[in-house]
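Here is the structure we will look at.
The values are calculated or read from the model by the stated rules, or taken from the named source; none is laboratory data. Computed from a prediction, not measured in an experiment: that's the story for all the values here. Here the Cβ positions follow ideal geometry from the backbone for every residue, glycine too, while neighbour counts run over all protein chains shown.
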Amino acid sequence: MSGIVTSTITPTFAYNTVDHPIIPTHGLRANLSFGFSGSIAGNVNTLQPAADVAYFRRGFFKGNVMGFHVNFRLITGYGGKVAPPYSRYYMGGENDIRGWDIMTISPVAYLPTSIQVNVLNNDGSQRYQRVVNSSGGVSEVPVTQQVPSYQLIFPGGDTAAVFNYEYRIPIIGPITLAPFVDFGADLLSFPGQLGLNSGRVAQLNALYPQANFAQQAVIAPGTQKPRMSVGLELQVLMPVVNAPFRVYWAYNPLVVDTTLQPPIVADRSLFPNNVTYQSALQAFGQSYPFDERRSLFRFSIGRTF
């Protein structure tokens, strides 16, 4: 990522009728923006529309407040360029979907690469070869070989959307209890933007033509599903920092629970025997479960919205 220079202009429209910045009871707050990064004074071409809207109104009982919040972000490259990896979106945490750790929600993809595997004898033992070391002596070293494979990555999404709802119930003094619902998704709306280094892909395809690596990362199915958290949050307003101290418990009714299976591109013909092939499959071709946690307990300072 060396040599990246970004020059961005972001026109913004803001509208706010919320009655209090820390303890709102009614009003609407809206921020709309459109970030434009071009080649003037930079070498990054991106478009970044975003919207953030919060609405507060009286609850079902006196003193209670209902809060609604929607946030939408999108980023895409243009002119044959893609967004820098660090500009992509990751979700999770107290600022959007509270049942996940910070920035742990992302689509999953596989990146072309090569790995080193051990060459085994037919009986399963490690194969060795004799080499002359720097002192002129002869020693035995394990025999290895490079084979094509796919590496698991979390690239982040190009589209992020979240909806939050809170019902704030004053308990006593600065203490408030707030049941909440968080719902959102981190998506790849433009999978073609996950382009790879063409030189590296060409190098791998020259070494392993049977792998036929594409110029884009392979998206793992089932990892872009919406996530949802419901829970209870205890808020204590702290005058010193002018923000609430929060303790919350979240339960996640919508999670990703799937099995990740990387594509297998190394066939039997690359290996000297079947034992080495089967051992290599255990190293780079084995599927494994991807199951997200169902609940989370956390302390934090500030508000989700």
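The one condition from (1) more than 19 Å from Gly302 (Cβ to Cβ); (2) surrounded by fewer than 16 Cβ atoms within 10 Å (Cβ to Cβ); (3) modelled with pLDDT under 95 that Ala83 does not meet is (2). Scanning the stretch 2-16 for residues that are without any contact (Cβ under 8 Å) to a residue 60 or more places away in the chain and of a type in the set (A, V, I, L, M) returns Val5, Ile9, Ala14. Among the numbered conditions (1) in a loop (DSSP other than H, G, I, E, B); (2) surrounded by fewer than 18 Cβ atoms within 10 Å (Cβ to Cβ); (3) modelled with pLDDT of 95 or more, tell me where Gly99 comes up short. Of (1) in a loop (DSSP other than H, G, I, E, B); (2) surrounded by fewer than 18 Cβ atoms within 10 Å (Cβ to Cβ); (3) modelled with pLDDT of 95 or more, only one is false for Gly99: (2).
For the subset of the stretch 239-290 comprising residues that are within 25 Å of the chain's Cα centre (by Cα) and among the charged types (D, E, K, R), which member is nearest to Val117 (Cα to Cα)? Spell out the reasoning first.
Pass one, the stretch 239-290, residues within 25 Å of the chain's Cα centre (by Cα): 246-264, 283-290.
Still in the running and among the charged types (D, E, K, R): 246, 257.
Values: Arg246: 49, Asp257: 30 Å.
Among those that are within 25 Å of the chain's Cα centre (by Cα) and among the charged types (D, E, K, R), it is Asp257.
Residue check: Gln224 meets all listed conditions (1) farther than 25 Å from Lys81 by Cβ; (2) of a type in the set (S, T, N, Q); (3) out of contact with any helix residue (DSSP H, G or I) (no Cβ under 8 Å at 6 or more places or on another chain) but one, namely (1). The single condition from (1) in contact (Cβ under 8 Å) with a residue 40 or more places away in the chain; (2) more than 30 Å from Leu74 (Cβ to Cβ) that Pro142 fails is (1).
Can you pull out the residues in the stretch 70-107 that are over 30 Å from Glu166 (Cβ atoms) and not polar (S, T, N, Q)? Write out each step before concluding.
Of all residues in the stretch 70-107, those over 30 Å from Glu166 (Cβ atoms) come to 76-86.
Hits for the stretch 70-107 are Gly77, Tyr78, Gly79, Gly80, Lys81, Val82, Ala83, Pro84, Pro85, Tyr86.
Name the residue that is surrounded by the most Cβ atoms within 10 Å (Cβ to Cβ), counting only residues in the stretch 244-272 that are free of Cβ contacts under 8 Å to residues at least 60 places away in the same chain and assigned to a helix (DSSP H, G or I). My answer is Arg268.
State whether the residues of the stretch 222-244 include one that is under 24 Å from Ser106 (Cα atoms), modelled with pLDDT under 95 and not aliphatic (A, V, I, L, M). I'd like the intermediate steps shown before the answer.
Looking only at the stretch 222-244, we keep the residues that are under 24 Å from Ser106 (Cα atoms), and these are 222-231.
Still in the running and modelled with pLDDT under 95: 222.
Within this subset, residues satisfying the condition of being not aliphatic (A, V, I, L, M) are 222.
There is at least one residue in the stretch 222-244 that is under 24 Å from Ser106 (Cα atoms), modelled with pLDDT under 95 and not aliphatic (A, V, I, L, M).
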